[in-house]
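Derivation of every value follows stated rules applied to the coordinates shown; laboratory data play no part. Bear in mind that the values here come from a model prediction, so they are computed numbers and not experimental data. Backbone-built Cβ (ideal geometry, glycine too); neighbour counts: all protein chains shown.
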Amino acid sequence: MRYLSIYLSNNRINHSPIGKTMTDKELRGILSRNIKRYRQSRNLSQADLAEELDISVNFLCNIENGNRWVSPQTLVKFATALNIEPYELFKPAEALPPEMPLILNKCLDEAVVAVTKTLNQIRGYYLHKTKSRSKQAKHPKN
């Protein structure tokens, strides 16, 4: 459980640390992931979104894979089709909230308690069965 907390604490994504300029590739990656994420959250296929934007599915696929840039006009079309503001397409994914390790640890603790309780119940059941069989073997019914 502590390992999970340490892992989550050490692996937060800081997309734009002070003093670091984001590269073209990083910005395109954020755009492509956001387009795909928003599209999927609205249960749109690539074909449906491409049709709405009046672009080819191949072009949309290249955008979502980070291989192609889009024009400002197409960015506005994406935002309109996905019902978001254009700037949201460039927002890095949020890092885990600071309380997430505590929440996950609590869930793990509760799971350990539940599994331990269940295993003890199973153990008790089999111990009871074993004792019953031992008594039957010592005192057989005639």
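Worth a mention:
- Whole-number percent relative contact order across segment 17-90, with pairs defined as alpha carbons under 8 Å at least 6 apart: 37 percent
- Cα→Cβ-extended label distance, 7 Å offset, between Ser132 and Gln40, nm: 5.0 nm
- Stretchable slack from Asn62 to Thr118, in nm (0.36 nm times residue separation minus alpha-carbon distance): 15.1 nm
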